[in-house]
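Heads up, the thing below is written out as structure tokens.
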Amino acid sequence: MLDPTAAPVGDSYLWARPDEHRREVSRDLPTDPVTQARTTLNTAHPRPWGWRVTTYLWTKAVGAGAMLLAALAHLAGIDLAVVGDVVAPALGVAGIGITGALLVWDLKRPERFLYILLKPNPRSWMFWGAIVLAAGAALFTAWLAAGILGAPDTVYDWLAVPALVAAAMTAGYTGFLFGQAEGRDLWQSPLLFWHLIVQAVMVGAGAMALAGIGAGLDAEATALLLAALTLGTLGHVVMVLFEFLGRHTSKQAATAAHMVTHGRYARLFWTGGVGLAALAAAVAGTAWAAGTLLVAAVAGLLVQAALLIYESVFVRAGQDVPLS
Amino acid sequence: MSVEPDLPGARRHEHLRNFPPVSSWDNHVEYDAKAHPRKVPHSYMLIPTTCFNCESACGLLAYVDKDDLSVKKLEGNPAHPGSRGRNCAKGPATVNQLNDPERILYPLRRTGERGAGQWERVSWDDALNDIASRISTAITDGRHEDVMYHVGRPGEDGFTERVLNTWGVDGHNTHTNICSAGTRLGMSLWTGFDRPSADHANAKVILLLSSHLETGHYFNPHAQRIMEGKQSGAKLVVLDPRMSNTAAHADAWLAPWPGSEAAILLAVASYLLRTRRIDEAFLRRWLNWQTYLAELHPDAAQDFDTFLDRITADYAEFTFDFAAEEAQVPVERIAEIAEIVADCDGRLSAHIWRAAAAGNLGGWQVARALWFVLALTGSIGGRGGTSPNGWHKFIPQGPNMPGHHEHWNELIWPREYPLATNELSFLLPHFLREGRGTLDVYFSRVYNPIWTNPDGFTWIETLTDPDKIGLHVALTPTWSETAEFADYVLPMGHSSERHDTHSYETHAGRWLGFRQPVRRVAMDKLGQDYTDTRDANPGEVWEENEFWFELSWRIDPDGALGITKYFESPYRSGEKMTTDDYYRWVFEHSVPGLPEKAAAQGMTPLEYMRRYGVVEVDTDVYRVDERPLTDDEQADTDVDEQGVVRKPVTLDSVAPVFGEAGAVGVRHDDGDVTFGWPTPSRKLEVFATAMRDWGQGEHATPGYIRSHVARREIDVDAGELVLVPTFRLPTLIHTRSGNAKYLNEISNTHPVWLNSTDAKRHGVRTDDLVRISTEIGYFVARVWVTEGIRPGVCALSHHMGRWRLHPGEGSRWVSGMVELSHLDGEHTWLLRHKGGVAPFDSSDPDSSRIDWSDPGVHQNLAFAVHPDPHSGMHCWLQKVSMEPARPEDRYGDVYVDTRRSAEVYREWLAKTTPALGPDGQRRPEFMMRPLAPTRRGYRTESPE
């Protein structure tokens, strides 16, 4: 099998200049100690997915995470008050709305976005993702309406489980979508679906902790948010370390992971992606121990930045390993 | 009736075929790819022509849209026996050249100073009348040699020579001595022919002293046959200081120190002799070993066994250790190559054309040594071996051939270089400056000496001097640095816009290809009227053949000079010859077998050639030297003391293309009378009598001349290196491909290859700028650190470094605007780029998508002329010193002192020994000479 990583570009092609992206990437690719082989000509292959994909991973994580906690709280009989009834669904609706807009914007032909539903490809998670987002949008809107109108608990009883499933799928379906990007081996992890849900809990709890300041939450509700924030963030950090420092199923995945941990993304990854998250976990844990949302709010902010940074690395590195 | 022919390049797989069948070539329907998924059919005529980019002359098939006569694309021509339907990137890129929005569409005349960038559109009539008037006056005044035609790559064999012979002008000048004159001398001395024709497909061992698998002459036709040979088990041996793609395919790759190649080959030869792994029967019959003994060992027994003993002893000094020391490679590698060669069973196909033979002082001896090895292994002329090009090339004759002239132009054939196989064209500016002559009319034909030749600033100084060159006419399809300094720029067509024929030694057969203006052919088929090819080409772009017909007619409008009669139609007395007339006559009378092949398909010969673009004349041509002479050939002959069979000649006789006038064959000791070789002895000359006769007897046998860049000449520790400036890219060709956007897109930079050990010593890394100093100046280039070149040697590819002085005078796909200044006096020149290549607006939207910026470095400007004292070949390799760029340096800078370049010219000129041969001959008659005069012309009026 032809392996494009066997002959990294180096600083220059023979007769043309590599695009800057390929040049930077090649610095993280090992040369064969025997052949010293170099790619001598290629065309530019810019990363098709950029900041919009990174951003929507965050926006829907916040929205889905918030609704996940709101639904869980309701099922557990914990009253999150306005945070659960209004803030969470508002985050959910806004998150899905912005996500949808970014997704459409990211299409090559945005004006054809309805083709996803009108000319569906049921084998594609583009299609199922649209269904998930549509369902989530409907359920979260209903939840929000119930919150604003002061609906009775029965309505929430009906909504809770579907909303919980929709929130989990909204956060996690991207794992399946990324999985369909065959050849992008970094994204092929079987843990990705679960990791996305954990990330959603982290940033959703962070946002709700911020919103919870002054909302008059009781101790149980506060504890739920602090526990979710702490454990979600810890879980994220542990899963990241497991993903990137553990064994990889392919050379391409290992190459991408090495690029993240030791290469061009290392500083950003370790300081912004992992360091910030670890700091947030520590702060959140402290707040949990103290039972104060005020301190947790700091962690709530930190995790937003940490996830954005992490996703920007994850999305870029996944596309950096040359396929040709 | 028409039948579907069996084409050499047609291949089928199940129900698929690689080309449309010939029966559909007049109406081939394809759907418009850009309209997909709608099905929009277009009807095309598929009309063959010949590629105009490199010299291979591969067949092309143009898809001419019947609606608007546009050329949609060009593919390979499956009917072509040389290229067999295949092309390299340069063939299909012809369509870029046709559609280049920047091409020259109308004749232009200078209005300001030469090189000032001021032009006006002029009519063809005005231009022709002006040029014709000057030439006519020169001829009438007896100043024939004031007219010169300077061609880059030769056009149609014999065509322009025919024109110049009608004018009586010895003014045919070519670029050959910056290209292949080294190899040509080495090979001519052995065989009388000047090019090799290697039968790679049937070889057991393929030996390449070049990157021939990827570039070079006949690259595409040869590459496919080299791969065939490899697939049949042949071993590929490559000598190249650079790890080219060719070297990457080699079974044995040796990266010798440049200039040591002859030593390596002589060590192989010595090994073959020592071990007697030689073809004794071949050597006994075909070498002029008797002369070798008589000249070098007159006191020894004059028999073959003694010859073997003596020649073995004579070459004993060329040990593997000696070669390894010269080449700076492990001795085991030399031995390995020798063993592979020794095992070739007479099937050693070998090729050298430029490479070492064009790089080094004494490079011609590399070719001489190579043919020594070929001879010893009995690999000359047989299946899987190496033949001369003359066996595998076909040159037709035109109608009403004029007699040969009697002139001798010493601006082209100076006395200092009697054995130069070709014109000393690159010394022309120096000769003019020395007052050796002047030029009244100078044609540069698809040739760009300012850019391509060494010492380009001296060319500029000369071309801008109206006292040295009265009128400079640039015949060119595209702008070039040289055209910027012309008086007329006359647009000529690209490959599918002109007529001519071509034949090259691509394999052990013979073919004649036909280049034709495809739109004009389509107009013919569609019944559309035209006057000449200008009506079929864009703007007023013409073709050269019609231009020469018209110009000749105007030089001699009333026939008083005796010129016009050669340009009258052979079919309509008194009327001007058309290209149809010319080629109809050629194909009807001058190509064996063509009339019969055409008739078999119900066509005239011209129709056949317009249909297929090529005709195969012969296949499996081997051992022509053994062809017995016919009775007619032997009639009225004498046999001289060497066995040479001769017909009587006079001073008005003319030598054939190869060989001496009158010599037709050789009688062997066993009484056989065969064609032999076109050398003075009609044998393969291990002792070259011509060298002896022209005062260079010390180099009469294959030998080793230490190069001007030999290892001992280079002080590596002082920062010196050998620069290889000649290696080619497979995707570009000299300056011709500058306007092919697809080619530029994939090849648009050329860093200096530098080994990591040299980079470390010089303290530079990839992308660092370095100043590379030559003996006359310096240039500033960018470094690429690689293990792909041997230590001590750096290399900067050919093709790039294009520039233009004024907007509109060059291709913006490839060139950058520059300014020329004189920092230290008028004799000093600094070329500095004002900007690189950048996107631009034009009728082609792709021009706004240019994503490359590097115009490259015009390194040749900084090279002095290095004429080899024997072959006259410019020795391209440079002894340079490298240093990190200085603060004032900018990428692409070239600085030269032309006073210094004149000094270097004189230093190299001083190495020569001007001499006349027997009977006051200026040069050996047997060596091929373009536009040869009669035998009288070879002789000085008063032999000295």
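Structure above, values below:
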read-out	value
Subset tally (residues that are within 22 Å of the chain's Cα centre (by Cα), part of a helix (DSSP H, G or I) and either free of Cβ contacts under 8 Å to residues at least 40 places away in the same chain or not assigned by TED's automatic domain parsing to the domain that holds B:Leu411 (or both)) for segment B:459-489	1
Helices (runs of 4 or more DSSP H) lying entirely in segment B:254-328 (those with 2 or more residues that are assigned by TED's automatic domain parsing to the domain that holds B:Phe372, at pLDDT below 95 and aliphatic (A, V, I, L, M))	none
Residues of segment B:593-648 classified as buried (at least 16 other Cβ atoms within 10 Å of the Cβ), closer than 30 Å to B:Ser379 by Cα and among the β-branched types (Val, Ile, Thr), total	7
Among the candidates B:Arg832, B:Arg812, residue that is touching a strand residue (DSSP E or B) at 6+ places or on another chain (Cβ under 9 Å), outside any loop (DSSP other than H, G, I, E, B), away from every other protein chain (no Cβ under 14 Å) and among the basic types (Lys, Arg)	B:Arg832
Identity of the residue in segment B:50-71, in a strand (DSSP E or B) and either of a type in the set (Ser, Thr, Tyr) or exposed (fewer than 14 other Cβ atoms within 10 Å of the Cβ) (or both), that ends up farthest from the chain's Cα centre (by Cα)	B:Tyr63
Failed condition for B:Lys34, given (1) of a type in the set (D, E, K, R); (2) in contact with a helix residue (DSSP H, G or I) (Cβ under 6 Å, 6 or more places away or on another chain); (3) over 23 Å from B:Leu526 (Cα atoms)	(2)
Among the candidates B:Asp455, B:Asp440, residue that is touching a residue at least 24 places away in the same chain (Cβ under 8 Å), acidic (Asp, Glu) and more than 22 Å from B:Ile555 (Cβ to Cβ)	B:Asp455
Tally, over segment B:670-704, of residues that are in a loop (DSSP other than H, G, I, E, B) and in contact (Cβ under 8 Å) with a residue 12 or more places away in the chain	22
Segment B:849-890, residues that are out of contact with any strand residue (DSSP E or B) (no Cβ under 6 Å at 6 or more places or on another chain) and within 14 Å of another protein chain (Cβ to nearest Cβ)	B:Arg849, B:Ile850, B:Asp851, B:Trp852, B:Ser853, B:Asp854, B:Gly856
Top-ranked residue in segment B:766-799 [being at pLDDT below 95 and in a loop (DSSP other than H, G, I, E, B); ranked as farthest from the other protein chains (Cβ to nearest Cβ)]	B:His798
Odd one out for B:Gly186, checked against (1) part of a strand (DSSP E or B); (2) not assigned by TED's automatic domain parsing to the domain that holds B:Arg134	(1)
Segment B:255-286, subset of a type in the set (A, V, I, L, M) and farther than 21 Å from B:Asp240 by Cα, residue surrounded by the fewest Cβ atoms within 10 Å (Cβ to Cβ)	B:Ala281
Cβ-Cβ under 8 Å pairs, at least 6 apart or on other chains, segment B:46-68 side among the acidic types (Asp, Glu), far side part of a strand (DSSP E or B)	B:Asp65/B:His42; B:Asp65/B:Ser43; B:Asp65/B:Tyr44; B:Asp65/B:Val71; B:Asp65/B:Lys72; B:Asp67/B:His42; B:Asp67/B:Ser43
Those residues of segment B:1-49 which are surrounded by 15 or more Cβ atoms within 10 Å (Cβ to Cβ) and part of a strand (DSSP E or B), in sequence order	B:His28, B:Glu30, B:His42, B:Tyr44, B:Met45, B:Leu46, B:Ile47, B:Pro48, B:Thr49
Residue list for segment B:746-767, restricted to those being buried (at least 19 other Cβ atoms within 10 Å of the Cβ), closer than 13 Å to B:Met882 by Cβ and out of contact with any Asp or Glu (no Cβ under 9 Å at 6 or more places or on another chain)	B:Val752, B:Trp753, B:Leu754, B:Asp758
One residue from B:Ala255, B:Ala263, B:Ala248 being within 22 Å of B:Arg790 (Cα to Cα) and touching an Asp or Glu at 6+ places or on another chain (Cβ under 6 Å)	B:Ala263
Those residues of segment B:863-881 which are surrounded by 24 or more Cβ atoms within 10 Å (Cβ to Cβ) and assigned to a strand (DSSP E or B), in sequence order	B:Pro867, B:His874, B:Gln878, B:Val880
Filtered residues of segment B:339-355 (kept if buried (at least 24 other Cβ atoms within 10 Å of the Cβ), at pLDDT 95 or above and part of a helix (DSSP H, G or I))	B:Val341
Count of segment B:732-754 residues which are acidic (Asp, Glu) and more than 10 Å from every other protein chain (Cβ to nearest Cβ)	0
Conditions (1) more than 20 Å from B:Asp868 (Cα to Cα); (2) surrounded by fewer than 23 Cβ atoms within 10 Å (Cβ to Cβ); number of the one not met by B:Met691	(1)
Residues located in segment B:626-673, provided they are touching a Gly at 6+ places or on another chain (Cβ under 9 Å), over 29 Å from B:Glu161 (Cβ atoms) and not aliphatic (A, V, I, L, M)	B:Glu626, B:Pro628, B:Gln634, B:Gly643, B:Arg667, B:His668, B:Asp669
The listed residue being under 24 Å from the mean Cα position of the chain (by Cα) and more than 11 Å from chain A (Cβ to nearest Cβ), out of B:Thr726, B:Thr757	B:Thr726
Hits in segment B:815-828 (condition: of a type outside the set (A, V, I, L, M, F, W, C) and either under 20 Å from B:Lys879 (Cα atoms) or part of a loop (DSSP other than H, G, I, E, B) (or both))	B:Ser815, B:His822, B:Asp824, B:Gly825, B:Glu826, B:His827
B:Lys235 vs. criteria in contact with a helix residue (DSSP H, G or I) (Cβ under 8 Å, 6 or more places away or on another chain), modelled with pLDDT of 95 or more and among the basic types (Lys, Arg)	yes
Qualifying residue in segment B:712-720 (condition: within 14 Å of chain A (Cβ to nearest Cβ) and in a helix (DSSP H, G or I))	no
Elements of type helices (runs of 4 or more DSSP H) in segment A:1-111, at least 2 residues being among the aliphatic types (A, V, I, L, M) and away from every other protein chain (no Cβ under 14 Å)	A:51-76, A:88-106
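The values are calculated or read from the model by the stated rules, or taken from the named source; none is laboratory data. Not measured: the values here are computed from a predicted model. Here Cβ is always computed from backbone atoms with ideal geometry, including for glycine, and neighbour counts include all displayed protein chains.
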